[in-house]
Amino acid sequence: MNSTDFGPLLVSYEDVAAAAQRIAGQAIRTPVMTSTTVDARTGAKVFFKCENFQRMGAFKFRGAYNALSLLTPEEAKRGVLAYSSGNHAQAVALAGRLLGVKAAIVMPMDAPPVKVEATRGYGAEVILYDKHTADRETFARKIAAERGLALIPPFDHPHVVAGQGTAAKELIEEVGQLDYLLVCCGGGGLLSGCAIAANALSPNCKSIGVEPELGDDATRSFRTKTLQSCHNPETIADGARTHSMGKVTFPLVMAYVADMLTVNDAELLRTMFWLWERMKIVVEPTGALAAAALLEGKLDAKGKRVGVIVSGGNVDLDWAAKQRVSTQ
Ligand SMILES: *Cc1c(COP(=O)(O)O)cnc(C)c1O
């Protein structure tokens, strides 16, 4: 195992390749889309890896399925617990159902009912907690300990990171060598996994993380080489509101990522609607981060081959329609 000043590197390309074998036939090999309009606008050759078409609508299924596949038989028998009100909840619920592992998901009482129902629909037990009286992580850890359940974190786990990296592995195997790979960043699970894959399969490719301006903890961590955090950032990119990277992802990001960029919420919205209207790709705000960096001119990509991970498409249409009116 390699170690760096920032901590041990707990995931290698071999782990990503092994994850690809585990998820084969279960995860969708999502389509890669191109657009002559995007190429003309950027002067680049751009490849969008569309994880909005992944099972449950986001790349999170990859990491969850890989992590649940790697439980010991005893752990699998007892079941797993995750805390999330977003895509990770549905990913763990679905992976659990497919692998015959009982999943319990801790969600705040005021989580959108559609999300609670979707998670129950995949067969998971939803445990609601009052976020005014209990800290989510403390609450989740207490229940996991009481019931002997394995905790599946949304990003800071080697098996989760390895699973997420399969998205970039598939992209590069399909389209060939890249100059840049743009990946959104919340806690850095998708970014670090994809950067590991790119480093192995397209060694000259620069992996670049993209964050919302209001939740730029990973960008500040990258620049200062010290783990930074931010608290409840009010960005519309709800998948990237994480407080900070983790012990697993921070050293991997420092080792494999070439740069970090930020986009503001107005740029994000513009890109989200542009992807819907021009490319017919339904993306959620967080899913549009990487594309926004490119389309809003944060990166000079002229003459380059650029991969863009579109991370997910679970967007509330009522909410989106209101945003549309307010930006007209
Ligand atoms: C979770 C999520 C992210 C952020 O992923 P990290 O691994 O935490 O960086 C980005 N986009 C979508 C759609 C997500 O669900």
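The values are calculated or read from the model by the stated rules, or taken from the named source; none is laboratory data. Just so we're clear, the structure is a prediction, and the values are computed from it rather than from any experiment. Using ideal geometry, Cβ is built from the backbone for each residue, glycine included, and neighbour counts are taken over all protein chains shown.
For this structure, a couple of remarks:
- Considering residues of the stretch 218-263 that are part of a strand (DSSP E or B) and of a type in the set (V, I, T) only, the residue farthest from T4 (Cα to Cα): V263
- I172 being among the β-branched types (V, I, T), assigned to a helix (DSSP H, G or I), surrounded by fewer than 20 Cβ atoms within 10 Å (Cβ to Cβ) and in contact (Cβ under 8 Å) with a residue 60 or more places away in the chain: no
- Against the numbered list (1) more than 16 Å from the ligand (Cβ to nearest atom); (2) in contact with a helix residue (DSSP H, G or I) (Cβ under 8 Å, 6 or more places away or on another chain); (3) within 23 Å of S244 (Cβ to Cβ); (4) of a type in the set (D, E), D135 comes up short only at (2).
- Restricted to the stretch 56-72, and to residues there that are within 18 Å of A288 (Cα to Cα) and outside any strand (DSSP E or B), the residue that is farthest from the ligand (Cβ to nearest atom) is M56.
- Scoring F47 on the criteria (1) within 12 Å of the ligand (Cβ to nearest atom); (2) aromatic (F, W, Y); (3) within 14 Å of A290 (Cβ to Cβ) leaves a single failure, condition (1).
- Qualifying position, being within 14 Å of the ligand (Cβ to nearest atom), in contact (Cβ under 8 Å) with a residue 12 or more places away in the chain and at positive phi, among G215, G188, G193, G165: G188
- All told, A111 meets the bar of being crowded, with 18+ Cβ neighbours inside 10 Å, over 26 Å from A27 (Cα atoms), free of Cβ contacts under 8 Å to residues at least 40 places away in the same chain and touching a Ser or Thr at 6+ places or on another chain (Cβ under 7 Å).
- Among the residues of the stretch 281-305, just one is outside any helix (DSSP H, G or I), buried (at least 24 other Cβ atoms within 10 Å of the Cβ) and hydrophobic (A, V, I, L, M, F, W, C), namely V283.
- Scanning the stretch 23-44 for residues that are of a type outside the set (S, T, Y), away from the ligand (no atom under 16 Å from the Cβ), farther than 30 Å from A145 by Cα and surrounded by 22 or more Cβ atoms within 10 Å (Cβ to Cβ) turns up at least one hit.
- Candidate set: the stretch 127-169, residues that are among the acidic types (D, E) and at pLDDT 95 or above; chosen: the one farthest from C50 (Cα to Cα): E146
- Matching residues in the stretch 6-32 - criterion: being in a strand (DSSP E or B) and under 19 Å from the mean Cα position of the chain (by Cα): V32
- The set of residues in the stretch 230-246 being over 14 Å from the mean Cα position of the chain (by Cα) and either exposed (fewer than 13 other Cβ atoms within 10 Å of the Cβ) or of a type in the set (V, I, T) (or both) consists of H231, N232, E234, T235, I236.
- Candidate set: the stretch 73-87, residues that are outside any helix (DSSP H, G or I) and hydrophobic (A, V, I, L, M, F, W, C); chosen: the one farthest from E137 (Cα to Cα): V80
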